[in-house]
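The values are calculated or read from the model by the stated rules, or taken from the named source; none is laboratory data. The structure presented is a predicted model; accordingly, all values stated were derived computationally and were not measured. Quick reminder, even Gly has a Cβ in these numbers, built from the backbone with ideal geometry, and neighbours come from all protein chains shown.
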Amino acid sequence: MDTTTALTAAEVIDGVRQARDDEHTAALRQVEFAVRWALIHPCRDEFPAGWEDDHGIFTADSSRAPLAGAGAPLVDEFAPASFAAALGISLETAKQRIADALELVYRLPRLWELVEAGVVPVWRARAISRETHDLSVEAVAFADRLISATPSKIGMVDATRLVQEARLYFDPDRAVADEEEELARRGVWLRHRGNPATTDVVMTLDTPDALLLDQTVTRIAGELRDLGDTEPVDVRRARAVGILADPQYALDLLSGRDAAPSPGASAVNLYVHLDPDQPGAVSIEKLGAATDQLLTDWLTGYAAAGGKVIVRPVLDLSSTQAVDQHDPPSAMRELCLLRDAHCVFPGCLRDSRSCDLDHITAYILMTDGGPRGQTNPLNLAPLCRTHHRMKTFTAWDYKRLEDGTYIWTSPTGHQYEVPPISRRPPRRT
């Protein structure tokens, strides 16, 4: 029942202010708990918790930046995973919360005092802390003084500018380094926004290359118009980028020669799931639900242009067939990846296709007396590299129930339940 319906206007204002203060206090406590968790899990070897590469891969031969900057405590490699499981958040989010807390408390003490006093909201201070983690001890102290000098004017834009000022003041060569870092950000990425009919292509290019690309796309869009394409200019520009994926076609078009798509030598892999009880709809991995008409248009259009279409056999997810070897055959691996869409550690959302397959009950070599049939779908589960190592080298343990649910037990004795999440679309009941 809504208890606010009988409140006066003054009571509403008092109540909302109290709710704001309570929210601030709760956020403050989470920072304090994150710091305490880090302190009771110090790093005791050469592998502290840190930021991995873009693929989440870390080996004994690789290096990574600690969670917070110089002067902040180093944290045990596996401590963030337990913190993530307790909160039901991803490992990266847990790392970020611990990193923000350590950065604030140990490297930005003036800003932290303002947070404790309620002058600066926790979310803003955490965002500022992410700008300072790469500063030296001297530079971060200078930035802390600059940012906290005028508490009433602390905002993200000004804070970012002051952090950059601290970088340049303590490292005059940083301007060159910043340009090099910016150039290192160059790349091309695909972003799927929900509806699989289109995909965003995000590019960071050298500025001269970006300007030349814009000119070429504009020119091809004009050629398409002259050939009778009546679509709006933005649609024609999008088609122009697609044409650039076929270099010979683009060259012929720009040269004024008779142009047609080239026979494709490569194949586009789409993992498509169809349910006979749901006619007219398909589910495409990493893209989402789509109509079968859209899929048909893609396949016929791609095949007409000379592309290759690969149809893979349907797998029986109820299969329990075993093999007497450590590594599962490709069909068994595919079965496990279809059955479990993500790493099965609590809160982890890393796609299972980029995970290891872990033996739930540890594999024993046949030559060492291991039983037959250890490698089978019921004893395999996808774990990302971090959680695979954590399960192997710490007291974390788990089991799989008959319904596909995973039950994890942490070193503290807490248990977490991970329900099965399949790649297959749910069947209509």
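Here are some residues: ARG185, ARG161, ARG167. Which one is touching a helix residue (DSSP H, G or I) at 6+ places or on another chain (Cβ under 7 Å) and either hydrophobic (A, V, I, L, M, F, W, C) or within 30 Å of VAL120 (Cβ to Cβ) (or both)?
It is ARG167.
Could you check segment 131-163 and list, in sequence order, the residues that are outside any helix (DSSP H, G or I) and among the aliphatic types (A, V, I, L, M)?
LEU135, ALA149, ILE154
State which residue is nearest to THR93 (Cα to Cα) when the search covers only segment 322-347 and only residues that are in a helix (DSSP H, G or I) and of a type in the set (A, V, I, L, M).
LEU337
Conditions first: (1) over 24 Å from THR25 (Cβ atoms); (2) among the hydrophobic types (A, V, I, L, M, F, W, C); (3) part of a loop (DSSP other than H, G, I, E, B). VAL120 passes all but one, so which condition is the exception?
Unmet for VAL120, out of (1) over 24 Å from THR25 (Cβ atoms); (2) among the hydrophobic types (A, V, I, L, M, F, W, C); (3) part of a loop (DSSP other than H, G, I, E, B): (1).
Does LEU108 satisfy being in contact with a strand residue (DSSP E or B) (Cβ under 9 Å, 6 or more places away or on another chain) and in contact (Cβ under 8 Å) with a residue 12 or more places away in the chain?
no
Just name the residue that is modelled with the lowest pLDDT out of those in segment 294-310 that are touching a strand residue (DSSP E or B) at 6+ places or on another chain (Cβ under 9 Å), closer than 25 Å to ALA331 by Cα and among the aliphatic types (A, V, I, L, M).
In this case the residue turns out to be VAL309.
If I ask for residues that are touching a strand residue (DSSP E or B) at 6+ places or on another chain (Cβ under 9 Å) and at pLDDT below 70, which ones from segment 262-293 would you list?
Hits for segment 262-293 are GLY264, ALA265, SER266, ALA267, VAL268, LEU274, ASP275.
Is there any pair with a first residue in segment 377-403 that is among the β-branched types (Val, Ile, Thr) and a second that is assigned to a strand (DSSP E or B) and surrounded by 12 or more Cβ atoms within 10 Å (Cβ to Cβ) whose Cβ atoms are under 9 Å apart and which are 6 or more apart or on different chains, and what are they?
Going by the 9 Å Cβ cut-off, the qualifying pairs are THR392/ASP358.
If a residue has to be of a type outside the set (Gly, Ala, Ser) and buried (at least 20 other Cβ atoms within 10 Å of the Cβ) to count, how many in segment 93-110 make the cut?
So the count comes out to 10.
Within segment 111-170, can you find the residues that are touching a Phe, Trp or Tyr at 6+ places or on another chain (Cβ under 8 Å) and exposed (fewer than 14 other Cβ atoms within 10 Å of the Cβ)?
The one that is touching a Phe, Trp or Tyr at 6+ places or on another chain (Cβ under 8 Å) and exposed (fewer than 14 other Cβ atoms within 10 Å of the Cβ): GLU138.
Conditions: (1) out of contact with any Leu (no Cβ under 6 Å at 6 or more places or on another chain); (2) without any contact (Cβ under 8 Å) to a residue 60 or more places away in the chain. SER410 meets all but one. Number of the miss?
Failing condition for SER410: (2).
If we keep just the residues of segment 225-258 that are of a type in the set (S, T, N, Q) and farther than 17 Å from GLN215 by Cβ, which is surrounded by the fewest Cβ atoms within 10 Å (Cβ to Cβ)?
THR230
Out of all the residues in segment 400-410, which are within 26 Å of the chain's Cα centre (by Cα) and farther than 17 Å from ILE89 by Cα?
Selection gives ARG400, GLY404, THR405.
Just to be sure I understand, how many residues within segment 166-218 are assigned to a helix (DSSP H, G or I), over 30 Å from VAL137 (Cα atoms) and touching a residue at least 24 places away in the same chain (Cβ under 8 Å)?
2
Mind telling me which of the residues LEU357, LEU378 ends up being of a type outside the set (S, T, N, Q), within 24 Å of ALA322 (Cα to Cα) and in a helix (DSSP H, G or I)?
LEU378
Going through ASP178, ASP173 one at a time, which residue ends up being more than 27 Å from ARG237 (Cα to Cα), outside the structural domain of GLY242 (by TED's automatic domain parsing) and surrounded by fewer than 12 Cβ atoms within 10 Å (Cβ to Cβ)?
ASP173
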